[in-house]
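Just so it is clear, none of the values below were taken in a lab; they were calculated from the coordinates. Values in this document were obtained by computation on a predicted structure and should not be read as measured data. Cβ: placed from backbone, ideal geometry, glycine included. Neighbour counts: every protein chain shown.
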Amino acid sequence: MHTIALIRTTAVVLTLGAMAACSSTPKPTEQMAVSRTTVNRVAAEPEVSANAPVDIQKARDKLMQADKAMAEKNYKMARRLSEEAEVDARVAETRADAAQNANNLKQVQDSIRTLQDEINRRSPR
C-alpha cells in the first residue's frame with residue numbers, strides 16, 4: 001500500500017512539474033510582432049525580391065511556422081522560429097544591399113573608365 005501511495009504522489013508531482021514548466025514559457029507576442037514587422041518591411045523592398053528571393057521566402061516560411069507553433073501553444077518553438085525569421089529577413093536585406101552596392105561600384109568604375117578614355121583621347125601625344 002505504501003508503495004502505491006508513493007508512486008501516485010510521485011506521478012502527481014511529476015505531472016505538476018511538467019505543467020509548471022509548460023506554463024512558465026511566456027507567449028512571445030512582442031517577438032512575433034517585431035519579426036512580422038521586419039519580414040513585411042524587408043519583403044516590400046523591390047531590391048530584396050530581385051536580389052534575395054530565397055532568403056526572404058525562408059523568412060516568410062519560418063514566420064508561418066512560428067504562427068502555427070503559437071496556435072499550438074508551443075511558445076518556445078514559436079519564439080525560436082520568430083527570431084530565425086527576423087534574422088533571415090535581415091540576411092535578405094543585407095544581400096540586397098550588397099548587390100546594390102556592387103552595382104553602384106560597377107557604375108562608378110565604368111564612369112572612371114569613360115573619363116580616363118576621354119582624357120587619353122584629348123591629351124597631346
Rounded to the nearest 10 degrees, the helix 29-43 long axis (Cα) sits at an angle to the longest Cα principal axis of the chain of 20 degrees
For 35, 24, 49, ascending order of other Cβ atoms within 10 Å (fewest first) is 24, 49, 35
In the chain, taking the dipole from +1 charges on Lys and Arg beta carbons and -1 charges on Asp and Glu beta carbons about the Cα centre, the listed residue (51, 108, 3) farthest towards the positive end is 3
Here the relative contact order (percent) of the chain, from C-alpha pairs under 8 Å and at least 6 apart, is 27 percent
Ranked by GNM mean-square fluctuation in the chain (Cα springs under 10 Å), the top entry among 85, 59, 71 is 71
Summed over the other residues with a beta carbon less than 10 angstrom from that of residue 86, with K and R at +1 and D and E at -1, the charge totals 0
Most exposed to least, judged by fewest other Cβ atoms within 10 Å, 117, 61, 88 sort to 117, 61, 88
Computed over the chain: longest principal axis from alpha-carbon atoms vs helix 75-122 long axis, angle to nearest 10 degrees, is 10 degrees
Rounded to the nearest 10 degrees, the helix 53-71 long axis (Cα) sits at an angle to the longest Cα principal axis of the chain of 20 degrees
